[in-house]
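> Structure incoming, see below.
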Amino acid sequence: MFDAIVIGSGMSGGIAAKELCERGLKTLVIERGRKLEHGASYTDWMQPWEIPNANMIPEEELARDYPIQRNCYAVNETTKQYWVKDSEHPYTTPEDKPFHWIRGYHLGGRSIMWGRQSYRLSEMDFEANARDGHGSDWPIRYADIAPWYDHIEKFIGVAGSREGLPQLPDGEVLPEFGLNDGEKVFKQAVEAKFPGRKVISGRVANLSKAQPQHEALGRTSCQNRSFCERGCTYGAYHSSLSSSLPAAERTGNLTIVTDAIVHSIVHDPATGKVTGVRVIDANTKERRTYEAKVIFGCASSIGTTQILLNSKSDAFPNGLANSSDMVGRNLMDHLYALSIAGMLPNAPDTYYHGRRPTGLYIPRFRNVTEPGEGFIRGYGYQGGVSRMGWRNAALGLPGIGAALKERTAKIGPWFVFISGFGEMLPNPENRVTLNKTRTDQWGIPIVHIECEIGDNERKMAKQIITDGKAMIQAAGGMVMSVGETPGAPGLGIHEMGTACMGKDPTKSVLNKYNQTHDVKNLFITDGSAMASSGCQNPSLTYMALSARAAHHAVEFLKAGTI
């Protein structure tokens, strides 16, 4: 028997394992995917001439194996090893409500491929549900999680600036990756035209300057190569493979099992506790059970939901910890693919060195310093300003020989791109259930996902475009293209909310410690736990909640209350 089992090895699971191991618990991490080795499994070493098909996956292969994953910007020839083949991992949706479930099944999960944007939720985010009546009131506030944000930022390393904004709290940051000259022009113009808006460097979990705690794990400073989605041999960005799992391993308390697909969690009705996890070997289909005193669900929002709903018993006929009927409900993602791009002719004729791992960020201003135009909550923008160069000259126009060489040597104009990330309201009708007739190759019911944006999101999407155009034009830019239609839910890759935290056990799944209301030794700390989405990238919050929950779980074990 183990002291603790962590289901999943990604963003949340890696941190949960680290914190539990460092507090003395013999911890088993169960990963459904294959084993990856930090460094050895990466493709960041490949040069352009070593990559087939100019790093593009052939159309036949995309259509056959990656019809959903192909919609993710980071799926290409060098990274396809990290993304599931949709042909092997089906799920269902209504024809008129597409949901694009972007996944990676391997040790480290999506922490290998994440965009690394790292922002805190603010007090207004934790108060939002109580204030406007949408969703379950968070059982915590910013003060409860702030020390854990500090703890995580110091460990993973987040580069950024301090801005003193109430809607985007400052953190324990490393030196920022500064704005380039084009972005400075954009920043000056936007902040002059719109005094309530700020343009800052994106806060990113890349080591601008590695600290001793990072170097102790073999990590070093970012090389500004921008190959991050291929994996980083330098360990310059945080992932489970580069930092949290190695930190857990050095305690001597960690055991990892890969290729082990969780079927369900075992519940003992006599004690009211969970006692173990049933798994199926991904390759042999052999079944076995691992036992532990406490279990952490970190399999991602949809993955955790599938496990809970499949863990039926006489005590929980509708799924484990589901007396509220809230498991699977309130699925959220962020509004995505609302982008504005244009030329910026007024920027100076200068260039920059390297390829930073981040660009600019425009924190939320609607319903903060400016009113929402008929909607509640708000949105931020991510993007950047860069100079067009040889790629456009070489790939976009015909030509050979000396003329082509001369053309590719010339630096092109400044190009600005910003994309809005909008908050999606919790809605119990947006939900994950189990398909009643179809199972996967291991005999587990596949998930059925029903999710769509509502009126508030549609109004917000229009304003995202209007505000984006206005900011580019304020900088003297010419808008060249606009993506006015929100992407299908799921494309933001920020799915969350399906086992939400709350004060009322009849309207939520988890309490303020990320314990399930129904089963005190079962904790869930992945995106499932989110009671609202904010508009900020959520991974930093997942990790902070995981560390906080692990701390309390160990305290409860010591006290004998779980």
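> Among (1) over 23 Å from the mean Cα position of the chain (by Cα); (2) hydrophobic (A, V, I, L, M, F, W, C); (3) surrounded by 24 or more Cβ atoms within 10 Å (Cβ to Cβ), which single condition is ILE400 missing?
(3)
> Going by the structure shown, is SER118 touching a helix residue (DSSP H, G or I) at 6+ places or on another chain (Cβ under 8 Å) and open to solvent by 20 Å² or more (accessible area, probe 1.4 Å)?
No; evaluated as a whole, the condition is false for this residue.
> Still on this structure: Among the numbered criteria (1) under 30 Å from GLY157 (Cα atoms); (2) open to solvent by 30 Å² or more (accessible area, probe 1.4 Å); (3) part of a strand (DSSP E or B), which single criterion is violated by HIS267?
It is condition (1) that HIS267 fails.
> Across the stretch 22-51, what is the total count of residues that are assigned to a strand (DSSP E or B), more than 20 Å from LEU308 (Cβ to Cβ) and open to solvent by less than 50 Å² (accessible area, probe 1.4 Å)?
Kept after step one, since they are assigned to a strand (DSSP E or B), are these residues of the stretch 22-51: 27-30, 34.
Filter once more, so that each one left must be more than 20 Å from LEU308 (Cβ to Cβ): 27, 34.
Applying the additional criterion that residues be open to solvent by less than 50 Å² (accessible area, probe 1.4 Å) yields 27.
Total satisfying the criteria: 1.
> Please state which one of ALA488, ALA499 is touching a residue at least 24 places away in the same chain (Cβ under 8 Å), in contact with a His (Cβ under 6 Å, 6 or more places away or on another chain) and open to solvent by less than 50 Å² (accessible area, probe 1.4 Å). Talk me through it step by step, then tell me what you get.
Values: ALA499 fails: in contact with a His (Cβ under 6 Å, 6 or more places away or on another chain).
That would be ALA488, the only listed residue that is touching a residue at least 24 places away in the same chain (Cβ under 8 Å), in contact with a His (Cβ under 6 Å, 6 or more places away or on another chain) and open to solvent by less than 50 Å² (accessible area, probe 1.4 Å).
> Step by step: first the residues of the stretch 95-128, then only those that are in a helix (DSSP H, G or I) and not small (Gly, Ala, Ser), then the one that is farthest from GLY359 (Cα to Cα). Which residue is that? Can you show your working first?
Taking the stretch 95-128 as the starting set, the residues that turn out to be in a helix (DSSP H, G or I) are 109-112, 123-128.
The next check asks that each one be not small (Gly, Ala, Ser); those that pass are 110, 112, 123-127.
Numbers: ARG110: 21, ILE112: 20, GLU123: 25, MET124: 25, ASP125: 24, PHE126: 27, GLU127: 29 Å.
Applying the filter and picking the extreme gives GLU127.
> Here's a follow-up. Between residues in the stretch 1-21 that are part of a helix (DSSP H, G or I) and residues that are open to solvent by 10 Å² or more (accessible area, probe 1.4 Å) and of a type in the set (A, V, I, L, M), which pairs lie under 6 Å by C-beta distance while being six or more apart or on different chains?
Partner pairs satisfying both residue conditions: CYS21/LEU254.
> Give me the pairs, please: first residue somewhere in the stretch 221-235 and under 15 Å from ALA40 (Cα atoms) and touching a residue at least 40 places away in the same chain (Cβ under 8 Å), second residue anywhere and outside any loop (DSSP other than H, G, I, E, B) and hydrophobic (A, V, I, L, M, F, W, C), beta-carbon distance under 6 Å, and either six or more positions apart or on two chains.
That search, which allows pairs on different chains as well, returns GLY231/ILE112.
> Residues in the stretch 301-314: is at least one buried (at least 17 other Cβ atoms within 10 Å of the Cβ) and either in a strand (DSSP E or B) or free of Cβ contacts under 8 Å to residues at least 24 places away in the same chain (or both)? Please lay out each step first, then the result.
Restricting attention to the stretch 301-314, the residues satisfying the condition of being buried (at least 17 other Cβ atoms within 10 Å of the Cβ) are 301-311.
Checking the rest, the ones that are also either in a strand (DSSP E or B) or free of Cβ contacts under 8 Å to residues at least 24 places away in the same chain (or both) come to none.
No.
> Out of everything in the stretch 270-300 that is assigned to a strand (DSSP E or B), out of contact with any helix residue (DSSP H, G or I) (no Cβ under 8 Å at 6 or more places or on another chain) and β-branched (Val, Ile, Thr), what residue ends up being surrounded by the fewest Cβ atoms within 10 Å (Cβ to Cβ)?
Among those that are assigned to a strand (DSSP E or B), out of contact with any helix residue (DSSP H, G or I) (no Cβ under 8 Å at 6 or more places or on another chain) and β-branched (Val, Ile, Thr), it is THR289.
> So in the stretch 71-112, with the set limited to residues that are free of Cβ contacts under 8 Å to residues at least 60 places away in the same chain and of a type in the set (Val, Ile, Thr), which one is least open to solvent (accessible area, probe 1.4 Å)?
That would be VAL84.
> Mind checking which residues of the stretch 171-184 are out of contact with any strand residue (DSSP E or B) (no Cβ under 7 Å at 6 or more places or on another chain), open to solvent by 40 Å² or more (accessible area, probe 1.4 Å) and touching a residue at least 12 places away in the same chain (Cβ under 8 Å)? Don't jump to the end; show me each part of the working.
First, the residues of the stretch 171-184 that are out of contact with any strand residue (DSSP E or B) (no Cβ under 7 Å at 6 or more places or on another chain): 171-172, 181, 184.
Filter once more, so that each one left must be open to solvent by 40 Å² or more (accessible area, probe 1.4 Å): 172, 181, 184.
Selection gives GLU172, ASP181.
> Six or more apart or on different chains, Cβ under 7 Å: which pairs go from a residue in the stretch 325-350 that's within 19 Å of GLY384 (Cα to Cα) and in a strand (DSSP E or B) to one that's open to solvent by 10 Å² or more (accessible area, probe 1.4 Å) and of a type in the set (Lys, Arg)? Could you list them?
Taking only residues 6 or more apart or on different chains, the pairs are ILE340/LYS469.
> Just a yes or no: is a residue in the stretch 52-70 small (Gly, Ala, Ser), outside any strand (DSSP E or B), open to solvent by 10 Å² or more (accessible area, probe 1.4 Å) and more than 26 Å from HIS100 (Cα to Cα)?
no
> Then there is this: Is there a residue in the stretch 216-227 that is open to solvent by less than 30 Å² (accessible area, probe 1.4 Å) and either in contact with a Cys (Cβ under 7 Å, 6 or more places away or on another chain) or acidic (Asp, Glu) (or both)?
no
> Do we have any residue at all in the stretch 421-437 that's open to solvent by less than 30 Å² (accessible area, probe 1.4 Å), under 30 Å from LYS285 (Cα atoms), of a type outside the set (S, T, N, Q) and not in a loop (DSSP other than H, G, I, E, B)?
So far as the stretch 421-437 goes, yes, one or more of its residues are open to solvent by less than 30 Å² (accessible area, probe 1.4 Å), under 30 Å from LYS285 (Cα atoms), of a type outside the set (S, T, N, Q) and not in a loop (DSSP other than H, G, I, E, B).
> So, one more: Out of SER546, SER532, SER508, which single residue is part of a helix (DSSP H, G or I) and surrounded by 24 or more Cβ atoms within 10 Å (Cβ to Cβ)?
After ruling out the rest, the residue left standing is SER546.
The rows are residues; the columns are (1) under 29 Å from VAL385 (Cα atoms); (2) in a helix (DSSP H, G or I); (3) over 19 Å from the mean Cα position of the chain (by Cα).
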| site | (1), (2), (3) |
| --- | --- |
| GLU191 | yes, yes, yes |
| HIS214 | no, yes, yes |
| ARG225 | yes, no, yes |
| THR233 | yes, no, yes |
| ILE261 | no, no, yes |
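> Further, regarding this structure: Go through ARG407, ARG458, ARG438 for me and flag whichever is in contact (Cβ under 8 Å) with a residue 40 or more places away in the chain and of a type in the set (Lys, Arg). Before you say what the answer is, go through the steps one by one.
Working: ARG407 fails: in contact (Cβ under 8 Å) with a residue 40 or more places away in the chain; ARG458 fails: in contact (Cβ under 8 Å) with a residue 40 or more places away in the chain.
After ruling out the rest, the residue left standing is ARG438.
The values are calculated or read from the model by the stated rules, or taken from the named source; none is laboratory data. Since we're looking at a predicted model, the values are computed, not measured. As a convention, Cβ positions derive from the backbone with ideal geometry for all residues, glycine included, and neighbour counts pool all protein chains shown. Accessible surface is based on the protein model in full, side chains and every heavy atom, while ligands, DNA and RNA are left aside. Shrake-Rupley method; radii C 1.70, N 1.55, O 1.52, S 1.80 Å.
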